[in-house]
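Before any comments, here is the structure.
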Ligand code: DON
């Protein structure tokens with residue numbers, strides 16, 4: 001039996017112990033009473049039958065932490081052969097497109113944050129998808145159609161990886177693509193999570209016939225963990241990309257396959273849309289927090305802005321003095337989230353199309369927001385943005401972190417939007433297309449209490465990038481790399497990153513504990529707090545107190561993102577694969 005690292009932190013990490021089979025936990029509630037909690041069986045592991053030995057790893061030279069053991073190994077080998085963090089990131093991303101098809105991709109997009117090394121400014125590679133030229137603001141007003149060809153944004157992944165490689169890569173492109181070709185050609189043993197996903201999605205009526213054909217189980221019945229998945233058509237596509245680079249995808253035979261697929265399914269992407277797609281270098285959002293420098297992606301991701309705005313608000317309070325799971329700490333976290341997510345809805349979108357107020361990430365603005373927090377009552381979400389009329393009326397992304405021997409680092413988050421995206425495979429080319437168009441505000445003017453946003457900043461327009469929550473994040477101090485993190489989880493992502501940062505920077509938790517500690521989420525609307533493990537009896541007093549302050553507390557399982565993280569401590573690297581949803585691997589050397 002595997003014990004998932006389930007930990008509960010009242011304010012000190014001193015009592016946490018990792019045992020041979022998992023975690024033994026530690027509790028020092030605000031009352032001062034000591035509780036020891038062994039949470040060995042709350043959540044069964046999704047992968048494998050043996051205790052994982054590679055989810056928390058120390059190394060000196062280099063490290064890759066991703067959701068897929070095969071992909072982490074590919075990245076680590078690139079580092080061992082003299083590649084740098086960007087080389088390893090490119091190879092890992094392409095390997096994930098084979099071994100983690102729910103989110104690893106060449107048909108989607110994302111954000112890569114590069115820390116080039118001491119003394120060099122970090123850079124964000126924005127390879128977010130764009131709306132096709134024929135897209136219109138109202139196209140999803142009646143029907144969101146998430147599994148249709150119309151939901152597909154112009155993919156950005158290969159332009160993004162190629163742009164990063166062109167600027168920083170040391171190893172030849174071909175060498176970085178070939179491990180993915182081999183994985184697709186030879187196949188790999190699928191784990192239980194992927195077997196379940198493939199069986200599940202094949203059974204849905206909205207799934208395309210080509211998806212069913214490509215991911216058909218070997219005996220025609222159902223996938224079992226351990227069976228091998230080979231993807232010969234994807235292998236051919238990747239081989240073309242190895243030889244011809246990203247242009248093959250945007251201008252060559254793969255572009256042709258995509259436009260044929262679009263034509264067959266009444267999709268909007270044209271040859272001109274593909275040819276015109278550009279990945280962009282952008283200056284990251286930079287904030288400071290208690291002496292640390294925080295870097296995250298700028299719009300069109302909301303991630304960096306949200307994380308820095310929330311940290312700036314929290315810097316006005318002594319979280320450490322209260323304790324990590326003290327009611328006042330959680331109250332302040334919730335109120336920082338509420339205010340920041342309201343600003344996200346109000347202001348954020350593609351900066352090429354909307355003007356984003358620069359004050360969002362300033363300390364002065366955060367002071368005003370902090371001062372607006374009532375320390376003994378929840379602020380109703382309705383009170384925050386009276387100008388937005390609010391009427392009363394889904395997964396998959398993956399993040400990986402890389403650090404190399406020269407202490408260059410990459411935080412990369414990319415996605416197909418939902419698990420397996422639009423579930424449309426490009427016929428003959430063997431890869432999945434995203435449904436990222438559903439990240440735009442579907443119904444202009446309609447913001448509701450369930451969390452639909454209808455504000456103008458993120459309505460659809462031709463060529464526009466849809467607002468993202470992806471938050472690949474890098475922390476430095478005195479110019480030295482400290483932490484690389486990020487997560488999947490849609491709108492929960494900035495809050496997941498916030499929890500990891502607060503755990504690390506305020507509470508000095510070791511990185512495995514910082515990643516394992518229960519997380520919470522509030523997104524302005526819906527006006528409720530979801531909190532991992534809030535249903536556990538140990539949290540009852542906390543939950544009770546928060547309810548008395550006016551918060552709607554909703555417990556949820558431990559599933560708020562897999563934050564694959566690397567901490568740099570002196571000369572050593574500590575990598576943690578977050579095993580909330582899948583096992584993952586920290587591969588170091
Ligand atoms: O870019 C975004 O914010 C979303 N498309 C991410 C979707 C996601 O994280 C889904 N799941 N884990």
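The values are calculated or read from the model by the stated rules, or taken from the named source; none is laboratory data. Because the structure is predicted, anything quoted here is derived from the model rather than measured. Don't worry about glycine lacking a Cβ; one is built from the backbone with ideal geometry, like all the others, and counts go over all protein chains shown.
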Part of a loop (DSSP other than H, G, I, E, B), within 13 Å of the ligand (Cβ to nearest atom) and under 30 Å from residue 184 (Cα atoms): does that describe residue 429?
no
Picking from 497, 446, 529, 543, which residue would you name as being closer than 30 Å to residue 152 by Cα and more than 18 Å from the chain's Cα centre (by Cα)?
446
Please pick out the residue among 213, 239, 228 that is at pLDDT 95 or above, in the same structural domain as residue 86 (by TED's automatic domain parsing) and over 23 Å from residue 67 (Cα atoms).
239
Quick check on my filter: what residues within the stretch 472-481 are part of a loop (DSSP other than H, G, I, E, B) and within 16 Å of the ligand (Cβ to nearest atom)?
472
Can you name the helices (runs of 4 or more DSSP H) wholly within the stretch 285-401 that have at least 1 residues being within 16 Å of the ligand (Cβ to nearest atom)?
303-314, 327-347
Please work out if residue 497 is crowded, with 22+ Cβ neighbours inside 10 Å and either more than 16 Å from the ligand (Cβ to nearest atom) or under 20 Å from residue 303 (Cβ atoms) (or both).
yes
Could you list all residues from the stretch 443-471 that are within 11 Å of the ligand (Cβ to nearest atom) and part of a loop (DSSP other than H, G, I, E, B)?
466, 467, 469, 470, 471
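Residues are listed down the side, and each one gets a yes or a no for (1) over 14 Å from residue 426 (Cβ atoms); (2) surrounded by 14 or more Cβ atoms within 10 Å (Cβ to Cβ):
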| residue | (1), (2) |
| --- | --- |
| 213 | no, no |
| 219 | yes, no |
| 230 | yes, yes |
| 234 | no, yes |
| 241 | no, yes |
| 252 | no, yes |
| 256 | no, yes |
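This table checks each residue for (1) farther than 29 Å from residue 578 by Cβ; (2) assigned by TED's automatic domain parsing to the domain that holds residue 118.
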{"residue": "357", "(1), (2)": "yes, no"}
{"residue": "366", "(1), (2)": "no, no"}
{"residue": "371", "(1), (2)": "yes, no"}
{"residue": "382", "(1), (2)": "yes, no"}
{"residue": "391", "(1), (2)": "yes, no"}
{"residue": "401", "(1), (2)": "no, yes"}
{"residue": "406", "(1), (2)": "no, yes"}
{"residue": "423", "(1), (2)": "no, yes"}
{"residue": "426", "(1), (2)": "yes, yes"}
Tally, over the stretch 511-562, of residues that are in a helix (DSSP H, G or I), under 25 Å from residue 382 (Cα atoms) and either within 16 Å of the ligand (Cβ to nearest atom) or in contact with a helix residue (DSSP H, G or I) (Cβ under 7 Å, 6 or more places away or on another chain) (or both):
3
What single numbered condition from (1) more than 15 Å from the ligand (Cβ to nearest atom); (2) part of a loop (DSSP other than H, G, I, E, B); (3) more than 30 Å from residue 552 (Cα to Cα) fails to hold for residue 484?
(2)
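For (1) part of a loop (DSSP other than H, G, I, E, B); (2) in contact with a helix residue (DSSP H, G or I) (Cβ under 8 Å, 6 or more places away or on another chain), each residue gets a yes or a no:
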residue: 126; (1), (2): no, yes
residue: 145; (1), (2): yes, yes
residue: 181; (1), (2): no, yes
residue: 206; (1), (2): yes, no
residue: 211; (1), (2): no, yes
residue: 219; (1), (2): yes, no
residue: 237; (1), (2): no, yes
Quick one: which of 110, 119, 102, 48 is assigned to a loop (DSSP other than H, G, I, E, B) and at pLDDT 95 or above?
102
Six or more apart or on different chains, Cβ atoms under 7 Å: show the pairs whose first residue is in the stretch 146-164 and under 13 Å from residue 248 (Cβ atoms) and whose second is surrounded by fewer than 24 Cβ atoms within 10 Å (Cβ to Cβ) and at pLDDT below 95.
none
